[in-house]
Each structure stands twice: as C-alpha cells, then as structure tokens.
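The structure appears right after this line, and notes come after that.
The values are calculated or read from the model by the stated rules, or taken from the named source; none is laboratory data. Source: prediction; values computed, not measured. Don't worry about glycine lacking a Cβ; one is built from the backbone with ideal geometry, like all the others, and counts go over all protein chains shown. For the accessible areas, the whole protein counts, side chains as well, though only heavy atoms, and no ligand, DNA or RNA atoms are used. Shrake-Rupley method; radii C 1.70, N 1.55, O 1.52, S 1.80 Å.
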Amino acid sequence: MRLALTAFLVLTISLVLGFGVMLAAGVIFTCRSDPAGCGLAQAYQTLFVLIEVVAVLLLFALSSIGKNRERIIRRTMLTLVLVPVILLFLGLASDISSGRSTKSGDIIEVLQLALPFWTIIVAQWWMIRAAIQRRAARAGTNQTAVAS
C-alpha cells in the first residue's frame, strides 16, 4: 500500500511540476516558430509532459529492482538528463550538414521541451531516492529490533 501511495504521489507531484515549468517556459520564452500563434505547440508540449512523467516513472521503477538501488537510480537519472542535450546536438549537426543555419528560436524551442523534462526527472529521482532511503531505514530498524 505504501508503494502504491508513493508512486501516486511521485506521479502527481512531478506532473504538477512539469506542467508548471512548461507554462513558465512558455511565458518566459516567446514562441517564434509560428506567427499565427503557438497553440498547437502548447498542446504537443502538454502531451509530451504527460508521456514524460509516465515514461520516466516506469524507467525509475525498472531501475529500482535489484540490489544497490540508489546507485542504479542515480545512473538512470544522469542518463535521462543527457537525452535532451544529445537531441540538441543532433539537431545542430543536422542543421550544419544540410546547410541550414541554426536560429536562436530553434534552441529556445528545445529548451522549452527540455526544461519540463529535466524538472520531471530530478523531482522523481529525488522523491524515489528519499522513499528508498526511508524504506532501508525502516528495514534496518526492524532488523535491529528483532535481533535484540
């Protein structure tokens, strides 16, 4: 029951944080890709935030199986943080190879997608790590009580 509650709280809190950062990034960085407005881009970003929250939670759940959980979850977090950076460099390399110059609007759009993703990853990692540490502390306390 505690595991389900923890998963629900992690999902809910990271979803709220992801949407908050997405909206803040949309306000701070103005949309330059479409002169008519960026309503469709905001709809896609909302969909991406939902997918990111669920996918990252599943990846953390899969990585928390087994021994030495904290180290594996930390590696998963660092790997996931690098995904938007790698995509940015691949986009820049694609622009260079096709002869197209990269505009500042392209980098701003990548940042608008990357900031919520990074927020979701770090928030979920922090909450899952804290839950694992509490669980290990409870298990250590229970074992010392049984041994006494």
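Hey, could you check the range 74-98 for residues that are open to solvent by 70 Å² or more (accessible area, probe 1.4 Å) and of a type outside the set (A, V, I, L, M, F, W, C) and say which is nearest to LEU47 (Cα to Cα)?
Applying the first criterion (open to solvent by 70 Å² or more (accessible area, probe 1.4 Å)) to the range 74-98 yields 74-75, 78-79, 82, 86-87, 89-90, 96-98.
Subsequent filtering for residues that are of a type outside the set (A, V, I, L, M, F, W, C) retains 74-75, 79, 97-98.
On the way: ARG74: 26, ARG75: 26, THR79: 22, SER97: 30, SER98: 29 Å.
Checking each candidate, the answer is THR79.
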When residues of the range 1-22 are filtered for being of a type in the set (S, T, N, Q) and free of Cβ contacts under 8 Å to residues at least 60 places away in the same chain, how many remain? 1
State which residue is farthest from the chain's Cα centre (by Cα) when the search covers only the range 56-69 and only residues that are surrounded by 13 or more Cβ atoms within 10 Å (Cβ to Cβ) and either touching a residue at least 60 places away in the same chain (Cβ under 8 Å) or farther than 13 Å from ALA7 by Cα (or both). ARG69
